[in-house]
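The values are calculated or read from the model by the stated rules, or taken from the named source; none is laboratory data. Quick caveat: nothing in here was measured; it's all calculated off a predicted structure. All Cβ positions, even for glycine, are placed from backbone atoms using ideal geometry, and neighbour counts span all protein chains on display. Surface areas here come from the heavy atoms of the whole protein model, side chains and all, with no ligands, DNA or RNA. Shrake-Rupley method; radii C 1.70, N 1.55, O 1.52, S 1.80 Å.
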Amino acid sequence: MTFDIQKIRADFPILKREVHGRPLVYFDNAATTQKPQSVIDALVEYYSSYNANIHRGIHALAEEATLRYEATRQSVADFIGAPSADCIVFTRNTTESINLVAHSWGRKTLEPGDEIVISAMEHHSDIVPWQLLAETTGAVLRVLPIDGEGGLRWDEVESLVGEKTKLVAVTQMSNVLGTINPIAQIVKLAHSHGARVLVDAAQSIPHMPVDVQELEADFVAFSAHKMLGPTGVGVLYAPQALLEEMDPFLAGGEMIRRVSFEDSTWNDVPWKFEAGTPNIADVCAFSASLDYLADLGMENVRAHEIEMVAAAMRRLSEIECVTIYGPKNPEDRGGVVAFNVDDIHPHDLGTVLDQHGVAIRAGHHCAQPLMGELDVVATARASFYIYNFEEELDALVEGIDAAARMFRAPARTGA
Ligand code: 7TS
């Protein structure tokens, strides 16, 4: 065990509850993670002691709220190795961060015939904004295919990324397959053709050490709620000079310097991209989740998840009729295991597991094109985080056995 799981679990009040009379086994962390008491306290603290609007007040509460909001921006920069807090834009989530890039960078940069390259394992959030952008600009969307183990086909990457490519938008970790993509290598190739790279880091930054300057990525998007933080906060990282080249996204208060009826000028970055009153409470509380993860150490988080995934793959592969998707080696994947049990629809499986107190996700995981590549309509998915431990897998296996018996699929080997 890489760290003291019971001590960690004691920090998460929700983990004490029962579901259908059973202890909660929360294996839906790729969708959103649970929150430690320190994050919940930080949220309450904001509303109970320094609630005020930021950047405009001259009273004590407004100053305190502004300081705490801007301090979180610095914490985010430190957490991902950004050179300055000015490279950090707060949005609502990963989806909005990607849309911001499509709108503010894409519309002014792309011309008819330019190419946007994505991969076959992207989440809808990293597909649909590019489709809309392609429609508006006349650019063309190209798709990097995957191999049988869910890795990118590097030969295809090298031939698809070329002189016409203006953007490569790719996930650092697949939310279905768990595949970890070689971002630094992709960035090198893309940059050699003068293309920008957007990294969808929704599943990577919460689970492994990521240094955005080491990656040399142009845009990095992720969400606070997938890393112990509150919902409603996303991050877009981009080098300051690149942010300065971009047009505003949403328009209104906060993002302007001067407004007249004839025209307006923009605030400095990153505030140019934060129109209106932002999500002050949740941004301030996000700071507590970054502290929590930094205290644990992201190397340790990653090591723990490799152990969990290895154990999950071992236990699942002992069950007859289970197909596991993605890389075979646990070290090559993040903390998610998508699987199917022969004849059983993942929704039925999810319902039976819920009766056993086990929360998994079942469906297309917002990756419908990937489901097509895998030739399935849906999968079940167990996804892990810092408070999960191997013994919780017993409940998962028991639930699958129960579902197999109920739906009359062949049961476990030797059972
Ligand atoms: N990109 C990836 C790789 C994701 O896994 C998700 C969310 C998103 C983008 C969008 O994040 P949001 O915070 O803007 O919603 N993925 C999942 C999931 O796997 N199950 O529920 C949400």
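Points to keep in mind about this one:
- Which numbered condition Val76 misses (of (1) more than 16 Å from the ligand (Cβ to nearest atom); (2) open to solvent by less than 10 Å² (accessible area, probe 1.4 Å); (3) in a helix (DSSP H, G or I)): (1)
- The range 98-135, subset of a type outside the set (Asp, Glu), within 16 Å of the ligand (Cβ to nearest atom) and assigned to a loop (DSSP other than H, G, I, E, B), residue surrounded by the most Cβ atoms within 10 Å (Cβ to Cβ): Met121
Each row is one residue, and each column tells you yes or no for (1) out of contact with any helix residue (DSSP H, G or I) (no Cβ under 8 Å at 6 or more places or on another chain); (2) among the aliphatic types (A, V, I, L, M); (3) free of Cβ contacts under 8 Å to residues at least 40 places away in the same chain.
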| site | (1), (2), (3) |
| --- | --- |
| Ile116 | no, yes, no |
| Glu122 | no, no, no |
| Asp126 | no, no, no |
| Asp155 | yes, no, yes |
| Val161 | no, yes, no |
| Asn175 | yes, no, no |
| Lys188 | yes, no, yes |
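- Set side by side, the residues Lys188, Lys166 differ, and just one is under 25 Å from Val269 (Cα atoms) and basic (Lys, Arg), which is Lys166.
- Residue satisfying all of: in the range 253-306; in contact with a Gly (Cβ under 8 Å, 6 or more places away or on another chain) and of a type in the set (Ser, Thr, Tyr); least open to solvent (accessible area, probe 1.4 Å) among these: Ser289
- Among (1) surrounded by fewer than 21 Cβ atoms within 10 Å (Cβ to Cβ); (2) within 20 Å of the chain's Cα centre (by Cα); (3) in a loop (DSSP other than H, G, I, E, B); (4) not acidic (Asp, Glu), the one test that Ala184 misses: (3)
- Residue tally, condition touching a Leu at 6+ places or on another chain (Cβ under 7 Å), within 16 Å of the ligand (Cβ to nearest atom) and open to solvent by less than 10 Å² (accessible area, probe 1.4 Å), over the range 359-387: 2
- In this structure, Gly138 does not satisfy being within 16 Å of the ligand (Cβ to nearest atom) and not aliphatic (A, V, I, L, M).
- For the range 188-229, a residue qualifies if it is assigned to a helix (DSSP H, G or I), among the small types (Gly, Ala, Ser) and under 21 Å from Ala120 (Cβ atoms), and exactly one does: Ala190.
Residues are listed down the side, and each one gets a yes or a no for (1) modelled with pLDDT under 95; (2) small (Gly, Ala, Ser); (3) more than 30 Å from Val128 (Cβ to Cβ); (4) under 19 Å from the mean Cα position of the chain (by Cα):
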position: Gly357; (1), (2), (3), (4): no, yes, yes, no
position: Ile360; (1), (2), (3), (4): no, no, no, yes
position: Gly363; (1), (2), (3), (4): no, yes, no, yes
position: Ser383; (1), (2), (3), (4): no, yes, no, yes
position: Asn388; (1), (2), (3), (4): no, no, yes, yes
position: Glu391; (1), (2), (3), (4): no, no, yes, no
position: Asp394; (1), (2), (3), (4): no, no, yes, no
position: Glu398; (1), (2), (3), (4): no, no, yes, no
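- Within the option set Thr95, Thr91, being among the hydroxyl-bearing types (Ser, Thr, Tyr), touching a residue at least 60 places away in the same chain (Cβ under 8 Å), surrounded by fewer than 22 Cβ atoms within 10 Å (Cβ to Cβ) and within 16 Å of the ligand (Cβ to nearest atom) holds for one residue only, Thr95.
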